[in-house]
Structures are given as C-alpha cells and as structure tokens.
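The values are calculated or read from the model by the stated rules, or taken from the named source; none is laboratory data. From a predicted model like this one, the values you see are computed outputs, not experimental measurements. We place every Cβ from the backbone using ideal geometry, glycine too, and count neighbours over all the protein chains shown. Only protein heavy atoms, including side chains, enter the accessible area calculation; ligands, DNA and RNA are left aside. Shrake-Rupley method; radii C 1.70, N 1.55, O 1.52, S 1.80 Å.
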Amino acid sequence: MDDGSNMRKFTGASQYVLDEELAEIVNVSMALEMPLLLKGEPGTGKTQLAHAIAEALDMRLIVLNVKSSMKLVEALYQYDTLTRLNDSRFGDSSRDVSNIEEYIKMGKIGQSFVSDKRVVLLIDEIDKADTDFQDDMLDVLDQMEFDIIEIDKTIKAKNRPVIIITSNAKKDLSDPFLGRCNFHHIAFPDDDMMRKIIRVHFPDISKDLLDSTVRCFYRLREFRNIEKKPATRELINWVRALRSDPDFRVKDLIKGEVPYLGVLFKKSADYEAAQNGVGRFRV
Amino acid sequence: MVSAASGYECRCMFIDFFYTLKRVGVPVSPTSFLRLQKALSLGLINSLDDFYTAARSILVKSERYFDLYDQVFAHTFEGTELKEPDEFVLNDMARAMLDEWLRDPGGMAEALGRDKDELSKLSPEELLDYFLERLKEQTEQHHGGGKWIGTHGTSPVGHSGYHPGGMRVGGVSRNKSAVKVAMDRRYKDYSQEGPLTQAQIGEALKRLRNMIPVGPKDQINIDKTIYQTMKNAGEIEIVFDRSLRDRLKVILAIDNGGWSMDPYIEMVQILFNYARAQFKDLKTFFFHNTIYDYLWEDPRRIRKPFAVDDLVRLDPDTRFIIVGDASMAPYELMATDGSIHIEERSGKPSYQRLQFIADTFPYALWINPKMTQEWRYTHTINAIRDIFPMFELTLDGLEEAVTHMMRKH
C-alpha cells in the first residue's frame, strides 16, 4: 500500500494518491536522470504527478504547456527586440542597449536550466506539438544545453531538472523520442484507488456517500455512446457539489436519482444520453 | 548482495529476458537494455517487484506491449509457459469466426467454400478446431494474401442486403467475408502494417492544415518595424503582421449505416476523432449508404437533419470529405425513390445529389475504406467515382487525397 516502506525519495504528496509502482518509476527515472513520459486517458492525474513531485521534494515546478503551433525556441528563450528598439530610441532604461544579453528572456526550458536549484520541469501534452518540436527538444534534453544564436552563447543546465512529460495518447510519439524517455502508462484508477483519492480530497466523507458515489460513478462511465467519459476531476467536483447541497440525501442516489449530472457530463449530447440512462438504473 | 555465481546467472537471465522480449515483438533497443543495467548497478532495484516495474518503464515504450511484457516476464522469471504469440491471435480469431457462424451460417459456409449442412454437423468445439486449422493454414501459406476465402468479388453488385419495401435485411456484404472481418479486427491491435493507425492518420491529416494569414494583426514584423523607424528618422513605428491561423473548413460526411460499413466504423471513427482535434472549424454529418435530401448531424440519423440544399450557404472553399464504401444496390443511387427513408422522396436520385455537392464544393472528395483493387467489382463505386475523386482509406490514399485538396482549382 502507500505507506512507502521501500521508497527512497518520492513518496507522495498531500493531494495526490500515489501507487507504489509509479513511485518506483519516478525514483528510477530521477536516478537515471531520464525524462519520464506519462501516458493515460485524461483525468488519470498525469499533470498532478508533477505537482506532487515538486511538492514532495520541495522543488520549484516549471510548467511548459505545449501548444500545437509552438516552436522549440519559444520554450528555450526569447529575444525581446521591441524593448531593445524602444530603449535605443529613448535611452531612459537602466539596461545597456549594446548588450543584447539583457534582452534575452528565458523560456520555460531555459528557466529550468538556469535555476540555481534543481527544479521539476513539466512538459505538458507534448503530443500537441508536431514531430519536429519533439525531435528538436530531444537534443536539448539529451545534451542539457542549448545555444542562444543572437549572443552566441551556450546555456548549460546548472542542475539537471526532473523532467516529466505527459501525452494524451492522441498519437504515438516518434521512436527516437521514446528511446530517450522512461515510459509509464497510468491506467484509469480502479474502485479502491478511487476511494483513496476521494478520501484524500474529502477526509471527512461518510462511508455511505463514498460508496454510493464511487459505485454510481463507475456505472455512469459504462454508459454507451458517451463521447467524453467523466474522469477523476469530474468525480471530485461532483462529490463536492453533492456535499454542498443541503437537500441531497445518499438515499436518493441509491434510489437512482442522480443530481448534478452536468458536473459529470460536459457535452450536451453526453448529458442527454446520461440522463436517459440514469432513468433506468438503481445503484 | 548476490554472490558472483548467482550474479552471473542473473545477468544471463536478463539477457535471455531481453531477447525473449525482442522475439515476441516488443520493440526493445540495446540502449535501453544498457540503461536497465545502469539502474541495476546503481542499486535502485532490490527485488523482483522493483525489477518488474523499472524494467518495464525503461524497456517498454507503449502500453500496447504491456501485456506481452507481462507474459514474457512471467515466463522468464516464474517459469510459466510462453505461448506463441500467434496462438493467442488465432484462438481469438477462431472464436470470432464461430460467433460469425452462429449469426450467419450460410454466409460463413459460403465464405469457407464448404457446404453449410456439412459444417452444421460439427459441434461448436469441433467447429472451433476446424476454424483454427484453416487459420493456421492461412498464416503459413498466404501471409498477407487473404485470398484463400476464394470467393472474392462473387457479387458484381457488392452488397448482399435486400431492399424490399424500404426495409434492409441484415446480412454481411459478400465482397467482404466474415472471416476477413474477423481477421481485420484481430490484426488491428497487433500488426503495425494493418489498416491505418491513429498515428498515421495524424501524419496524413496534418498536411491538411494550410496556414493562411487571416488572424488578428498581432505579430510584430521586426524588419519592417526597423525599416519604418529608420524612415521616420528614429521615431519608432511598429509594424504588425497578421498572425497565422488555421482557417481550413472541413466537412466530414460519414456513412455509418448498414452492415457493409460495420467493419470500418472504428477506423473511420479514429479518422474522425483525429480530424476534430486538427481543425477549428469542422462539421460532421452522417448518412446511410448514400446521400439523398438530408445529411444528419447526429450519428443515429434521427434528430438533427441538415438539408442538402442548405449546403450552398456554406463556404464553397470547405473541404467536403465523404467517407463511405460506396457499395449499394445500383438503384439506391440511380432511382428517383432510392432512399430507404420515406420522407426523403423529393424525386431527385442520389447521384444528382452527389453531383450537386461536387458542384458546390470544388474541394469535395470521397474516401473509401475498401481497397482500390476491389473497386472495379462494384458498380456503384464506379458510378460515384465519376462524380468525386476517390481515394482509399490508407496512408497512401489519404496522402493523395490531401494533395488533391491542397491543389488550387
């Protein structure tokens, strides 16, 4: 269980329920200084893991949210030409216009390299970017350095950041990329795990409510024709909604009345389908 | 600590483990193996459980292979018998064939080229064995061929469904035997060469994004800014460019009705889901077999009809992509009352409707999950090819389709 008997470094954080396997993988990756690639359907806590590692190891977390049009250089550094132009025109800033270096701003990867302390670098949803981005990034992460062309300077990582990369598995990443990462696929949490997760978020939740909501949640996930199944995040919000409703009784749920379906199903077609389905079941 | 002798044994075991993984088809690289050695030497791995997790995360890079990994692991370290990977596949396939037989004995017997009554005498277990045997023959002798069914293209019409009084009688299309369908399903998960995978579609559809500058003017053009500033004798003038934005409009019309499309739905669904992520502006419609007066916005084709006549109001630059097997009874396409649905009787035959769409959208095309070599056996495919350029639903086909769509008209 998660009492952490044989974990060395990372043993979970206050808002994150960690399974032993994953802790092991995180620690191996950190020791081998390899990026850890996490795949899994939305809501399995891929992003949360990075937050949890940062919290547990007391490191700063730097998040690079990958966008589809992103170029790698944006993640490394930015040359602020406009400010320089402005300074050269008005000359009222404390910066030295002839020194380009003063106009270089570090991007997220750059920040993680120049930081004095070791940081956690989360590269979120890498699959959004095109293959070029991924391949270019490999070299940078492999060598732990990059060049700033404008000032002909190489930035080396002072401390190798702990790198967590997430992918929503929309498409496979390239082989060379995979070759340089450790890989883990986070399965959707099972019943027991989900109970633990809910308890972490609502320590004082009653057993009745916990049982019936979790059971109901898994039944709802099984509905057919649902495009976006509710995930952990939705369940937590739903429990929160149920708990804050003074009129809500656990009995209703057992009888088959499911309030706040909209918290669980965010697409109108899904919502309708769920509503139809709910009419036909009892928990 | 382990003694030297058992350490050596261990190492041999690991090497054996590595090669077994490779043999059953898990793509493992020597680099990753060395990395695993490094992890071992760092003292990170102290138990078999640790080894299981660490080795998996280091060696195996896709959850697709987790199951295989488990089997090899159990085989190497716990001595369980390792089944030949083919056996799994074949067993499942034979089972799928049995299911198919129970549903449609006639079609199955015909596909196998055996007498139905003869096969009926066998018990389900015997049948299963029989199917398994046939499948083994198949994998040994005709890898990738798939012609052993032997009745390829028996029907020039390409569809076994009847159409009496507007009702479709369920049945499997003859051009595509149940056996082949069963094999399709199995191979999809295992083979990298099979039909389109999500990754491949992504690659092909990516080419659809044509970047045209219609975004807001919020990109600073440094060169022009400096030039203008110089011209102004140093008074700064900032020049903005439009940022690039993906404005490609796409309409996807998917044939999701009828048995004949059944085996392809999943593949099409992947394509469709992927497309959704790729384009900002995407409409998806559904139809059954061919298009008459209406397209449908809901997959069940009940709630949200969209009149084909209204398509003229949409941007003619829209890429109109129809996905369907284009296989049906000829009169469904040609007759003035071809539609199954009674309310769709405007008197215009489907081929006129298709022609109308082709005229409205110069970038319209048809993507067919049937392979090119099957096309000429089906009359309606030929007829539709006269209206739309048609491409097969493979990576190559998609690439051609994309090239076609990006061409200037």
Rounded FRET efficiency, nearest 0.05, which uses the C-beta distance separating A:ASP19 from B:ASP317 and R0 of 56 Å: 0.65
List A:ILE226, A:ILE123, ordered by accessible area with a 1.4 Å probe, largest first: A:ILE226, A:ILE123
Cα centroid separation, the range A:49-79 to the range A:131-148 (Å): 14 Å
Summed residue charge, Cβ within 15 Å of A:ARG60's Cβ, Lys/Arg positive, Asp/Glu negative: +2
Residue-averaged beta-carbon neighbours from other chains (10 angstrom radius) around A:18-28: 4
Pairwise label distance in nanometres, A:ASP142 with B:HIS404, each label 7 Å out on the Cα-Cβ vector: 4.0 nm
Too-long pairs where the Cα-Cα distance tops 28 Å, listed order kept, from A:LYS46/B:LYS38; A:LYS156/B:LYS22; A:LYS46/A:LYS266: A:LYS156/B:LYS22
Cα-based shape type of the range A:223-283, given that a ≥ b ≥ c are square roots of the gyration tensor eigenvalues and the cut on a/c is 1.5: oblate
Simple label model, 7 Å out from Cα along Cβ direction - A:PHE248 to B:ASP241, nm: 5.2 nm
Between helix A:81-90 and chain A: long-axis angle, C-alpha atoms, 0 to 90°, nearest 10: 50 degrees
FRET efficiency, B:ILE222 to B:GLU126 (Cβ-Cβ, R0 60 Å, nearest 0.05): 0.15
Length gained when the stretch A:SER206-A:ARG240 is fully extended (0.36 nm per residue, less Cα-Cα span): 11.0 nm
Backbone N within the range A:66-92 under 11 Å of label point (7 Å from B:ALA233 Cα along the Cβ vector): none
Where labels lie 7 Å past Cα in the beta-carbon direction, separation of B:ARG64 and A:ASP192 in nm: 3.1 nm
Chain A: angle of helix A:20-32 to the longest principal axis, Cα-based, in degrees nearest 10: 10 degrees
Acute angle (nearest 10 degrees) that the helix A:232-244 long axis makes with the longest principal axis of chain A, alpha-carbon atoms: 60 degrees
